[in-house]
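Everything on this sheet refers to the single structure shown next.
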Amino acid sequence: MGPALPPAFLKGHIAHRGLHGPGVPENSLAAYAAAVEIGVGIELDIQPSADGAAMTFHDDVLDRLTGEAGPVAERDAKALAGIALTGGTGGIPRLGEALDLVAGRVPLLIEVKDQDGAMGPNVGPLEDAVIAALDGYAGDVAVMSFNPHSVACFRDRAPHLPRGLVTARFDAKHWPGLPEATRARLRGIPDFEPLGCSFISHQGNALDMARVLELKAAGAAILCWTIRTREQERIVRQIADAVTFESYLP
């Protein structure tokens, strides 16, 4: 394994896209501040701007989360900062802004969204932007992606960063754009050891998969997504070391 996941992540709760809710949009500075206020970790997503900045935003298009439309990657960072998140008052933040706000007070779990489109090797610039933003950051942080090639960038270019894979059952219903051969390969999580991962963040209702249990037995940290009730949390905690949660307070 590579660098261990800092113990702060294993305190139990990580706010999915920040502690968002009415009046506090996901992946907003307000959502990050709310998580810091109650002392829970933060999971956030990264998409690129047209000028190569790492922006904290989940979707690859603006339509669902803003009053604008079209790809995030076609707007520069300044333009994205001026686009209000629906239901809030602020624009789309840079990763650096989130780091400045959190300032090491809670752990940050950074998910880099797949830029290849099919979990392939067409990655690198966004990972470099994340590495640059994290340079000198003193707080607990870890990086992860569904795309193993993205995680390989961190292994090769920033080996000091704890890294992991976001994993799932990869059923056809929820991953219609991926060929079955790709889904089958990712389902087996074969890249964990070669990538020097120390954790996975796995689909919460699929924690009983044999490979997940094998990794847990071997000492990997097991996080899971996305837990939305205390009853779900009670169930997944039989396997998971920590939960990425939303829609309730821990």
| Label-point separation (nm) for Tyr137 and Asp60, each offset 7 Å from Cα along Cα-to-Cβ? | 2.3
| In the chain, carbon and sulfur make up what percent of the accessible area (probe 1.4 Å)? | 54
| Could you name the lysines in cross-link range of Lys11, using Cα to Cα under 24 Å and dropping any fewer than eight places away on the same chain? | Lys216
| field | Placed amide H near Val61: partners under 5 Å, 5+ positions off or other chain | value | Val72
| query | Assuming R0 = 35 Å, what is the FRET efficiency of Asn122 and Thr86, from their Cβ-Cβ distance, to the nearest 0.05? | reply | 0.70
| said: Which one, Val236, His16, Ser201, projects farthest toward the positive side of the charge dipole computed for the chain from Cβ point charges (K/R +1, D/E -1)? | reply: Val236
| message | Run the simple label-point estimate for Tyr248 and Asp156 please: 7 Å along Cα→C-beta, distance reported in nm. | response | 4.3
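Within the chain, which is the longest segment containing none of the trypsin sites (Lys or Arg not before Pro) that sit in a DSSP loop and have at most 10 other Cβ atoms within 10 Å? Display every interim value, and only then the final one.
Values: sites that count: Arg64, Lys173.
Formally, the longest exposed-site-free interval is 65-172.
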| message | Just the number please: accessible area per residue for the chain, 1.4 Å probe, all protein chains included, in Å². | response | 43
| Between the range 1-45 and the range 100-148, how many Å separate their Cα centres? | 14
| Signed unit charges on C-beta, dipole axis of the chain, positive-most listed residue Pro7, Ala31, Leu101 | Pro7
| said: Taking the Cα centre as origin and putting +1 on Lys and Arg beta-carbons and -1 on Asp and Glu beta-carbons, what dipole magnitude results for the chain, to the nearest 20 debye? | reply: 660
| Vicinal HN-Hα couplings computed from phi for the range 201-210 (Karplus, 6.51 cos²θ - 1.76 cosθ + 1.60; Hz; Gly/Pro x) | 10, 10, 3, x, 8, 10, 6, 7, 4, 4
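The values are calculated or read from the model by the stated rules, or taken from the named source; none is laboratory data. Small disclaimer: the values here were computed from a predicted structure and weren't measured. Positions of Cβ are backbone-derived with ideal geometry, glycine not excepted, and every protein chain shown enters the neighbour counts. Each accessible area value is taken on the protein alone, full model and side chains, heavy atoms only, with ligands, DNA and RNA left out. Shrake-Rupley method; radii C 1.70, N 1.55, O 1.52, S 1.80 Å.
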